[in-house]
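Trainee: Dropping the structure in here first, questions after.
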Amino acid sequence: MMSIEKTIEITEHRLYAREPSELTVRLVQQGRVVATVQAIDMSSKGLGIEHPDVALKSGQIVDVDFFKSGYPRGISCCVPAIVVHANSRSAGLMIAYNPHLQMVSPEHRAK
């Protein structure tokens, strides 16, 4: 009898793999920018961020403002996200899916 052994290394546990990023984004709560952070990886469903100066907790909801995303001045893409995991240096955010999501400024979202 022949035995076949397979070794599988799982490096990605997400349905949608994230790509490396160097995009700077703002975290917004109640219409106020609480931090400007570095997105270290991204997909259409979430992003990983480095956040040395802000305390984030799992389950917390924040708006992610892609203010340097290439939109004309004064227009940004601000999407709600849930903090899935966080430690003192980084966090994983899951973008909250909303089929009616519109691109708005953080100030407009707070109203």
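The values are calculated or read from the model by the stated rules, or taken from the named source; none is laboratory data. Computed from a prediction, not measured in an experiment: that's the story for all the values here. No Cβ is skipped: glycine too gets one built from the backbone with ideal geometry, and neighbour counts run over all protein chains shown.
Trainee: Filter the stretch 1-23 for residues that are at pLDDT 85 or above and either more than 16 Å from the chain's Cα centre (by Cα) or surrounded by 15 or more Cβ atoms within 10 Å (Cβ to Cβ) (or both) and give the result.
Mentor: Hits for the stretch 1-23 are Ser21, Leu23.
Trainee: Within the stretch 46-78, restricting attention to residues that are among the charged types (D, E, K, R) and exposed (fewer than 15 other Cβ atoms within 10 Å of the Cβ), which residue is modelled with the lowest pLDDT?
Mentor: Here the residue is Arg73.
Trainee: Within the stretch 26-41, track down each residue that is surrounded by 19 or more Cβ atoms within 10 Å (Cβ to Cβ) and more than 16 Å from Ala86 (Cα to Cα).
Mentor: Pass one, the stretch 26-41, residues surrounded by 19 or more Cβ atoms within 10 Å (Cβ to Cβ): 26-28, 37, 39.
Once the filter is applied, which keeps residues that are surrounded by 19 or more Cβ atoms within 10 Å (Cβ to Cβ) and more than 16 Å from Ala86 (Cα to Cα), the stretch 26-41 yields Arg26, Val28.
Trainee: Let me ask something additional. In the stretch 76-95, what residues are within 15 Å of Asp65 (Cβ to Cβ) and touching a Lys or Arg at 6+ places or on another chain (Cβ under 7 Å)?
Mentor: Result: Cys78, Ile95.
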